[in-house]
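No lab work stands behind these numbers, since they all come straight from the coordinates. This is a predicted model, so every value here is computed, not measured. Cβ atoms come from the backbone with ideal geometry, glycine included; neighbour counts cover every protein chain shown.
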Amino acid sequence: MIAATNRDLESAVAGGAFRKDLFYRLNVFPIEIPPLRERKEDIPTLIEYFIYRYARKAGKKIETIEKRTLELLESYAWPGNIRELQNVIERSVIVCETDLFSVDPSWLSFQSSSPRQDSGPTAKKSGTQEREAIEKALAATGGRVSGPSGAAAQLSMPPSTLESKIRSLKINKFRFKTV
């Protein structure tokens, strides 16, 4: 079995947020891989692989990658890591109508494109302070979590991380919804 996480499981075990027995079952052969934003040299190879994979699946023949697109994808910080890159490539292949591959820049959240640091609005705060910051962002966005005007963008974190924090803090995001 192969398992992957972006969490520090040793700290989670120490803090009681992850089962110790499960940690030892998973920790047979740990492989630590830096996030994509720290491996810029891998991006062109991954782009080519994903284009090939999804073009073949869609029955399309994509010959070249637009230079501007390659530069755009290489300069982006990929807060969603390889999954985000994979999704952007698949989406682009689906809408591609020629043999020239390109990506719509609006699909990338440039609010998150600078290298992430753990100094965002919710980093290193107590549970109460973190809850208040998340609730304030949800109130300001009418309960919207993702997208350029969502709470995750305001808090400088990926939407999946915010969703996880909302669940762990037992915040009812629906009470912030505006009609």
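Place +1 on the Cβ of every Lys and Arg and -1 on the Cβ of every Asp and Glu in the chain, take the dipole about the Cα centre, and give the residue among 93, 178, 159 whose Cα lies farthest towards its positive end.
Projecting each Cα onto the dipole axis, the largest value belongs to 178.
Please give every one of the lysines within straight-line cross-link reach of residue 165, meaning a C-alpha to C-alpha distance under 29 Å, and leave out same-chain neighbours fewer than 8 residues apart.
Straight-line reach from residue 165, under 29 Å: 20, 40, 124, 125, 136, 173, 177.
Report the local net charge at residue 90: Lys and Arg +1, Asp and Glu -1, summed over other residues whose C-beta lies under 15 Å from its C-beta. Show your work: numbers first, answer last.
Numbers: positive: 53, 56, 57, 60, 83, 91; negative: 48, 84, 104.
In short, +3.
Run lengths n ≥ 4 of DSSP H only: what is the helix-derived mean residue ellipticity at 222 nm for the chain, with -39500 (n - 2.57) per run over all residues, to the nearest 500?
Values: 8 runs with 81 residues, N = 179.
Dividing the helical sum by the residues of the chain leaves -13500 deg cm²/dmol.
Quick one: if you take sqrt(5λ) for each eigenvalue of the C-alpha gyration tensor of the chain, what semi-axes come out, biggest first, whole angstrom? Let's see the in-between values first.
Numbers: eigenvalues 209, 108, 42 Å².
Semi-axes, largest first: 32, 23, 14 Å.
Suppose every K and R has +1 on its Cβ and every D and E has -1 on its Cβ; what is the size of the dipole of the chain about the Cα centre, in Debye to the nearest 20?
Details: 28 positive and 22 negative charges, 177 e Å.
Dipole size: approximately 860 debye.
Estimate the FRET efficiency between residue 20 and residue 53 by the formula 1/(1 + (r/R0)^6), using the beta-carbon distance for r and 25 Å for R0, to the nearest 0.05. Please report the intermediate quantities before stating the final value.
Details: r = 38 Å, r/R0 = 1.52.
Computed FRET efficiency for residue 20 and residue 53: 0.05.
In degrees between 0 and 90, to the nearest 10, how far off the longest principal axis of the chain does helix 127-140 point, with axes built from Cα atoms?
Once rounded, the angle reads 50 degrees.
In a Gaussian network model over the chain where Cα atoms closer than 10 Å are linked, find which of 142, 127, 80 has the largest mean-square fluctuation.
Comparing 142, 127, 80 in the GNM, the peak value goes to 127.
Just 91, 37, 25 to compare: in a GNM of the chain, with alpha carbon springs under 10 Å, which one fluctuates most?
25
Show me the three semi-axes of the equivalent ellipsoid for region 36-112, from the C-alpha gyration tensor (sqrt of 5 times each eigenvalue), largest first, rounded to whole Å.
On the way: eigenvalues 77, 30, 26 Å².
After diagonalising the Cα gyration tensor, the semi-axes are 20, 12, 11 Å.
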